[in-house]
1. Just to verify a number: FRET efficiency for A177 and D76, C-beta to C-beta distance, R0 = 45 Å, to 0.05?
2. Report the relative contact order of the chain, percent, no decimals, based on alpha-carbon pairs under 8 angstrom and at least 6 residues apart.
3. Starting at the first residue of the range 196-206, write each ³J(HN,Hα) from the Karplus equation 6.51 cos²θ - 1.76 cosθ + 1.60 with θ = phi - 60°, in whole Hz, x for Gly and Pro.
4. Report the local net charge at D288: Lys and Arg +1, Asp and Glu -1, summed over other residues whose C-beta lies under 11 Å from its C-beta.
5. Of (1) 5; (2) 9; (3) 14, which one was derived for percent of Cα pairs over 39 Å apart from the structure shown?
6. Restricting to DSSP H runs of at least four residues, report the calculated mean residue ellipticity at 222 nm for the chain, -39500 (n - 2.57) per run over all residues, nearest 500 deg cm²/dmol.
7. Would you list D136, D56 from fewest to most Cβ contacts within 10 Å?
8. Taking amide hydrogens as modeled 1.01 Å from N in the peptide plane, which residues meet the under 5 Å criterion relative to Y191, leaving out close sequence neighbours?
Amino acid sequence: MRRNRKTEWARRMVRETRMTADDLIWPVFVLEGDKERQAVASMPGVERLSIDLLVDEVGVAVDLGIPAVAVFPYTDPALKTPEAAEAYNPENLVCRAVRAVKAAHPNMGVICDVALDPYNSNGHDGIVQDGVILNDETNEALCRQAVVQAEAGCDINAPSDMMDGRIGEIRQALDNAGQQDVQIMSYAAKYASAFYGPFRDAVGSGGALKGDKKTYQMDPANTDEALREVALDIAEGADLLMVKPGLPYLDIIRRIKDSFATPTFAYNVSGEYAMLKAAAANGWLDYDSVMMESLLAFKRAGADGIFTYAAREAAKLLKTG
C-alpha cells in the first residue's frame, strides 16, 4: 500500500476526495453603524461588521472564489420583541446588508437565515407563549421574513428554525410573492447542540435565551429521525439540505446523502471553530493543518458544501497550493 503514498505526485494522483473554494460558504455577521468592526471574543478572527465594511470584505471572498456568503445580524436589543416583528421589517439590518452586497457584488450568492432568534426577546427561533414555542404562528412570521429577504435580493432562504411544515409554507409564500427562483436550503437536520454558544454571542441571542431548544431541535441521540425530517422537507419543496452541527454529525451527512442524493451541506459551527482556534492559541495544534483536515472530513462524508468561519482562510490556502 505504501507504493501509492511514496511521493506527493503519486498521492495527488490517487486522491479520492478533493476540496476547492467552490465548496466553501462564508457566514458573516453584520451590525449597525459606519466603519464599525467588533471582534467576537469567543470566535477569534471573527468580527461583526457594519454594512460598508462587510461589502469590502465580501469583495475579498469574491476574489478568492468563494461562491456565497450567509448573512446573520447583530440586532439592537431595543428592536427585539416577543413577536420578533423586526424579522420581517423590509428595512431591517439584514435586508439592507443584502441589498448592499448584491449591488456591489452581483455574482456573489447571498444566503439568509430564516429564524426569529436574532429578533426575539426570548432568544428562541419561534414565538413563545406561556413557555411553549408556537409552531403555526411562528411559520406565519417566517414566511413574512423569507419574503422580505427575497425582495431585498437574497438568493437562498435558509430556514434554521426547525418548525414543522415551514418549508412548504415558505415555498408557497415565495411563489405567491413572485419569488419563484429563490432557493430554499432547509436546516432539515438541526440538532439541539451545545456547540452553538459562540454563535449566540455573535448575534447577541445567548443572553436572551430562556430555557433550551430541545422541543424543536433534534435529539443528538437520533439518526433515523433525521431521515424523516429530510424526507418531509424535500416533499415540501426544499432545494438544498443542511446538517448542523458538522463534525460530530458526519454520520448524519453520509446517511442523508446516500438516502436522498440531494445537495447536502454541513455547518462547521462556532463551537467547532472556536475549539480549533483555542487549541492553536495554546500551541497544542497547527491551526491550518487541522482546519483543512476538518473541512476535508465534511467532503469525505458526502457534503456538497460547507458553511465555515474559516472559509477565507481555507480558500487562501487552496489558492496557494
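What follows is calculated from the coordinates using simple rules that are stated; it is not laboratory data. Values in this document were obtained by computation on a predicted structure and should not be read as measured data. Methodologically, a virtual Cβ is constructed for each residue, glycine included, from the backbone with ideal geometry; neighbour enumeration extends over all protein chains shown.
1. In this case the efficiency is close to 0.95.
2. With pairs under 8 Å counted, the relative contact order is 19 percent.
3. Working through the residues one at a time gives 8, x, x, 4, 5, 4, 5, 9, x, 9, x Hz.
4. Local charge sum for D288: -2.
5. Matching the structure shown: (2).
6. -12500 deg cm²/dmol
7. Numbers: D136 13, D56 10.
Taking fewest neighbouring Cβ atoms as first place, the list is D56, D136.
8. Those qualifying (amide H under 5 Å, at least 5 residues apart or on another chain) are M218, K244.
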